[in-house]
Amino acid sequence: MSKKLTVTSLYSGCGGLDYGFNRLGFETIFANDIDRDSCKSFENLIKKKATCGDIKDFINILPKSDVLIGGPPCQSFSLLGKRKKDDPRGKEIFNFIKTIKFIKPSVILFENVPGIKNSYIGKKKLTEYIVNYITKLGFNAIIKEFDCTNYLIPQTRKRQILIAWKKNLSEPITPSINKIVSYLKLNLDTEISDLGLEIEIDKTNIFSALDDLPVPVLKGNKAKYKYKPKTFYQKYLRDGNNSNNITCHFELRMSPLDKEYIKYIKPGGNYKQIPDSVASPRVMRIKKTGGRTTTYGRLDPKKFSATINTYFNRPNVGTNYHYSQKRLITPREALRIQSFPDYFTPEFSSIRSLCKQIGNAVPPLLSIFLAHSVKSIFRK
């Protein structure tokens, strides 16, 4: 392939979806997000500037490119959300597909949450509407659910991925775990065999993802690794972090009650282990009516995290308690569980901004699989 394949990236966030395309040699010629912190973070990760603003203001001047990628805001379709009929965030999906006529891509990759499967426009499923719209423009299209635990990522995050391609191109091939591990091994700066690392070609658990990280430091300070990498996942995330400094590894604020609850919750446990004698009225209601298994969840080092969402700074909406220390996971640990490389430091003006960027992102390791799939479409 002589020329670089070009990419237009919309709703780019901090660059999780773009990471794989950038790593595989695609050239990002336009990226956009409405959030200023995310645009700065995107530049830190992808080394390209992102245009900050509402996509509606750029729709007529978007550049033509080979590939269009994006993950429009998905909260209105989230299984944790209420899927309100008139939620304005859901309308961004339609803005995304409108751009196809201007960008004229050969391939489209669209990412969203599983809840989109249960969303309708009138009596027609939203996914059916999107596929029909795209196929009328001359594309073949498939929608597939990706479970991150099947792609070396230690969280039970599931995403709906639409890939569409012009009918004169080849059908995409999803690479195997072995192929991606081989690709990553070839790109690491030290031979895996020399390190004697454990090669996880199936699953990555929380212990193997986080255990080389030290106790948290004060916000603004940099931490140091506890020891040399012992697993493939640790080596992969540390590659390129030549200073051995760890940023964003600070404790998140916990209320007195949050600190009390964790005393009783064992690794892998949740709100059910909080004694009635210390439980708040809210927790008592949850215990009576039944809550999600991740409510006040604590990580199990031998298993996966629940989905890292935008509220991982709170213990009541995910497995956000650390497995061995009496605290919440740090932003760096959330980045690790999302598979962001350790050299990446997001720009943030508030803790809320930081959590939103991390929780909304496509895991970069998943994006490597997706970029390989897209690249296979252009094979001769």
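Residues in the range 149-160 that are surrounded by 19 or more Cβ atoms within 10 Å (Cβ to Cβ) and at pLDDT 95 or above: 153, 154, 155, 157. Annotation note: Cβ proximity below 6 Å between a residue of the range 222-238 that is on the phi < 0 side of the Ramachandran plot and a residue that is of a type in the set (A, V, I, L, M) and surrounded by 22 or more Cβ atoms within 10 Å (Cβ to Cβ) (sequence gap 6+ or interchain) occurs for 223/246; 233/209. Only one of the listed residues (330, 310, 294, 319) is polar (S, T, N, Q), modelled with pLDDT of 95 or more and in contact with a helix residue (DSSP H, G or I) (Cβ under 8 Å, 6 or more places away or on another chain). That residue is 310.
Would you mind finding the one in 360, 320, 316 that is touching a strand residue (DSSP E or B) at 6+ places or on another chain (Cβ under 8 Å) and not aromatic (Phe, Trp, Tyr)? Walk me through it before giving the result.
On the way: 360 fails: touching a strand residue (DSSP E or B) at 6+ places or on another chain (Cβ under 8 Å); 316 fails: touching a strand residue (DSSP E or B) at 6+ places or on another chain (Cβ under 8 Å).
Answer to the selection: 320.
Among the numbered conditions (1) over 18 Å from residue 217 (Cα atoms); (2) surrounded by 21 or more Cβ atoms within 10 Å (Cβ to Cβ), the only one that residue 334 does not meet is (1). Scoring residue 279 on the criteria (1) surrounded by fewer than 24 Cβ atoms within 10 Å (Cβ to Cβ); (2) among the small types (Gly, Ala, Ser); (3) within 19 Å of residue 213 (Cα to Cα) leaves a single failure, condition (3).
Residue 145 satisfies every condition listed in (1) exposed (fewer than 15 other Cβ atoms within 10 Å of the Cβ); (2) farther than 30 Å from residue 329 by Cα; (3) in contact with a strand residue (DSSP E or B) (Cβ under 9 Å, 6 or more places away or on another chain) except (2). Could you check the range 260-289 and list, in sequence order, the residues that are within 27 Å of residue 356 (Cα to Cα) and not polar (S, T, N, Q)? Those that are within 27 Å of residue 356 (Cα to Cα) and not polar (S, T, N, Q): 260, 261, 262, 265, 267, 268, 269, 271, 282, 283, 286. Pairs are defined by a Cβ separation below 7 Å, a sequence spacing of at least 6 or placement on different chains, a first member in the range 347-369 that is over 17 Å from residue 320 (Cα atoms) and without any contact (Cβ under 8 Å) to a residue 60 or more places away in the chain, and a second member that is crowded, with 21+ Cβ neighbours inside 10 Å and acidic (Asp, Glu); no pair meets this definition. Among the residues of the range 82-104, those identified as touching a helix residue (DSSP H, G or I) at 6+ places or on another chain (Cβ under 9 Å) and either at pLDDT 90 or above or among the polar types (S, T, N, Q) (or both) are 95, 96, 97, 98, 99, 100, 102.
Kindly indicate which of 18, 66 is out of contact with any helix residue (DSSP H, G or I) (no Cβ under 6 Å at 6 or more places or on another chain), of a type in the set (Asp, Glu) and modelled with pLDDT of 90 or more.
Details: 18 fails: out of contact with any helix residue (DSSP H, G or I) (no Cβ under 6 Å at 6 or more places or on another chain).
Of the residues listed, the single one that is out of contact with any helix residue (DSSP H, G or I) (no Cβ under 6 Å at 6 or more places or on another chain), of a type in the set (Asp, Glu) and modelled with pLDDT of 90 or more is 66.
Filtering the range 143-173 to residues that are part of a strand (DSSP E or B) and farther than 30 Å from residue 209 by Cβ leaves 164, 165, 166. Only one of the numbered conditions (1) part of a loop (DSSP other than H, G, I, E, B); (2) without any contact (Cβ under 8 Å) to a residue 12 or more places away in the chain is violated by residue 284, and that is (1). May I ask you to list the residues in the range 1-43 that are more than 19 Å from the chain's Cα centre (by Cα), surrounded by fewer than 22 Cβ atoms within 10 Å (Cβ to Cβ) and either assigned to a loop (DSSP other than H, G, I, E, B) or aliphatic (A, V, I, L, M) (or both)? Residues satisfying the conditions are 1, 2, 3, 4, 5, 25, 29.
The values are calculated or read from the model by the stated rules, or taken from the named source; none is laboratory data. Please read all numbers here as calculations on a predicted model, not as lab measurements. Note that each Cβ is placed from the backbone with ideal geometry, even for glycine, and that neighbours are counted across all protein chains shown.
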